[in-house]
Amino acid sequence: MTVKPSVFDGVKVNSEVQKTELLEVENLSQKEYCENPEDVKNSEVVKKLLSIINRKANYTLDIKPKNSNLNDIYERFTKNLPITLKQLNYFRDFLSTDDLLDEAQKIVSKLLILKWEKNSAFIDSFLTDWEWKFIIDNFVNYLSVQIENYNLVIDIEDESSIKLVSNTKEWDYYTYKSNWKTWIFIVSDWEIFMLKKLFEDVNLLNNWLIFCRVNNKDSGITELGANWFSWLLYDFDWSDFKLMEKLPWTIDARNTEKENLFITSSNLIWFWLTEIAKWEMEPGKLWVEVTELLWPAYNNIRFQWKFIKASRKYSESEDIYDIYINNDDWIELAYTTKSDLSMWLRDLWDNYYLIETTYWKSILKLDNHNVFNAVDNRLLDMQHTNIGSLMKWDPVMINHNNETWIYVFEKTSWKLTKLIDATNINLNSPEMDWDMMTISTEYWKEIFFYKDWKLYEFSKWYSLHTWYIYWYLKKWFFGEKFFIKPSFDYMANYLTEVRTPLRLRAK
């Protein structure tokens, strides 16, 4: 009887982690199917094996730099991503170190590799020797040739500073840090294109222009001035970076939700909106135009749906908020208000919008001319109300100008109807349970029914009582108990219509 060899034979296991990895290598080798060297290169078996051998390289062998993450290097290598010259050299040294290859060979020689009719010729010629033992020599040579011809290599010290900024179908945009400066390069068609200039910062705009901050004193561009920073706009045209525009004194540009519109600043205190548009005037000739919008400068600019909220200081405790409509071709002022230092805009329904601060709420409607109009003055500067219930045609308490009323809002006709005056009563917003409305104060409760814009109360010859959590009616003193249900149709015989608006008196 032949005993299957074990991956642990002749291999010194130093930890539970290594033991687990060896078992994973053994299991994966019997599941992954490879028909060519590229299949082997991209297999999970190889990645797990590299992890085991790399640990030995870090702790026992004199390969520099120590603790390099070979799995990360290998992952970038297999996916054609840029690596540093230091990483390339580490991988090259790894593939030429006999002790490491011997360690890998001990494990590989004991694997059972998935073999079938279509891949048997490849396995026999590439992965086995004349004694039909599995070997790594051919695969190591294959990797060595590929790594020697690897084009995507950058000669920098800190490989962790390489950052993928964004990508398109044609290009991948990368930045990296070196000597406290930022560089940018593009990877396209198995080639690196480097903008060979040092910048204080680099920002890729959403129209694929490259926004680079420079120190004016070091830039060599006299019109930028002698002090502080400015920005340069570059474009990449398939083979080279071209300087498109110089923006003196502009030190920041932030992308917005709309292409070609950017929040810019000269001091990170005051901001304005800038349009940076580009188009092709003729084949191969790109044109860039920069237009400053929303002047004077604002402390804060935020995009929200089709709106732009811009705030500027009014007093120590208040800001002025300008709300603009962001049309396709222009920006138009729709509303201006003063508020505390926070203001929220919320889409309610069919061009109804809620403008809300910490202290008040206002409902306005946007007309066809992109202007916010007051629906009803009582819906402006509300101190307390339930917006969700109000927009569902439910009766809702509104506190406005020190008056408290319960209203119902018919939003298709813009009609706000008074139901109950509860001024000078400490009232909570009414609770709706189907057609039944319960109004609670500090000391007592009132029950009404609301149906088809009309308010109803219990007929005068019925008295209302409570029993635990249930309400019931009694006719006169000795009448039979009748438990209440929150259905108008069920309770109609016991109800009387109330003339509105009703004044609710404190008891």
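For residues that are among the charged types (D, E, K, R) and closer than 23 Å to Leu50 by Cα, scanning just the range 137-187, find the one that is surrounded by the fewest Cβ atoms within 10 Å (Cβ to Cβ). Walk me through how you get there before you give the answer.
Of the residues in the range 137-187, the ones among the charged types (D, E, K, R) are 137, 148, 155, 157-159, 163, 169-170, 172, 177, 181.
Applying the additional criterion that residues be closer than 23 Å to Leu50 by Cα yields 137, 148, 158-159.
Numbers: Asp137: 12, Glu148: 10, Asp158: 12, Glu159: 21.
Per the criteria, the residue is Glu148.
Residues in the range 151-173 include none that are aromatic (Phe, Trp, Tyr), at pLDDT 90 or above and under 27 Å from Phe94 (Cα atoms).
Counting only residues that are part of a loop (DSSP other than H, G, I, E, B) and either within 19 Å of Asn386 (Cβ to Cβ) or touching a Phe, Trp or Tyr at 6+ places or on another chain (Cβ under 9 Å) (or both), which one in the range 333-349 is modelled with the lowest pLDDT? Give the steps one after another, and end with the answer.
Step one: list which residues in the range 333-349 are part of a loop (DSSP other than H, G, I, E, B), which gives 340-343.
Now restrict to residues that are either within 19 Å of Asn386 (Cβ to Cβ) or touching a Phe, Trp or Tyr at 6+ places or on another chain (Cβ under 9 Å) (or both): 340, 343.
Details: Asp340: 80, Met343: 84.
Filtering first and then ranking leaves Asp340.
Of all residues in the range 82-101, those that are farther than 22 Å from Glu21 by Cα, surrounded by 16 or more Cβ atoms within 10 Å (Cβ to Cβ) and touching a residue at least 24 places away in the same chain (Cβ under 8 Å) total 8.
Of the listed requirements (1) at pLDDT 85 or above; (2) buried (at least 19 other Cβ atoms within 10 Å of the Cβ); (3) in a strand (DSSP E or B); (4) not polar (S, T, N, Q), Met194 misses just one: (2).
The strands (runs of 3 or more DSSP E) falling completely within the range 355-453 that include 1 or more residues that are under 42 Å from the mean Cα position of the chain (by Cα) and basic (Lys, Arg) map to 361-366, 415-421. Scanning the range 378-434 for residues that are among the charged types (D, E, K, R) and at pLDDT below 85 yields Glu403, Lys411, Glu431, Asp433.
Within the range 237-253, one or more residues are in the same structural domain as Phe211 (by TED's automatic domain parsing), under 23 Å from the mean Cα position of the chain (by Cα) and not small (Gly, Ala, Ser). Looking only at residues of the range 102-122 that are free of Cβ contacts under 8 Å to residues at least 40 places away in the same chain and not in a loop (DSSP other than H, G, I, E, B), we find that the one that is nearest to Glu24 (Cα to Cα) is Gln105. Of everything listed in (1) exposed (fewer than 12 other Cβ atoms within 10 Å of the Cβ); (2) outside any strand (DSSP E or B); (3) at pLDDT below 80, the single unmet condition for Thr466 is (2). Within the option set Leu273, Leu268, being within 25 Å of the chain's Cα centre (by Cα), assigned by TED's automatic domain parsing to the domain that holds Asp237 and at positive phi holds for one residue only, Leu268.
Scanning the range 306-319 for residues that are crowded, with 17+ Cβ neighbours inside 10 Å and either outside any strand (DSSP E or B) or not basic (Lys, Arg) (or both) gives Phe307, Ile308, Ala310, Ser311, Asp319.
The values are calculated or read from the model by the stated rules, or taken from the named source; none is laboratory data. Computed from a predicted model, the values in this text were never measured in an experiment. Virtual Cβ from ideal backbone geometry, glycine too; neighbours counted across all protein chains shown.
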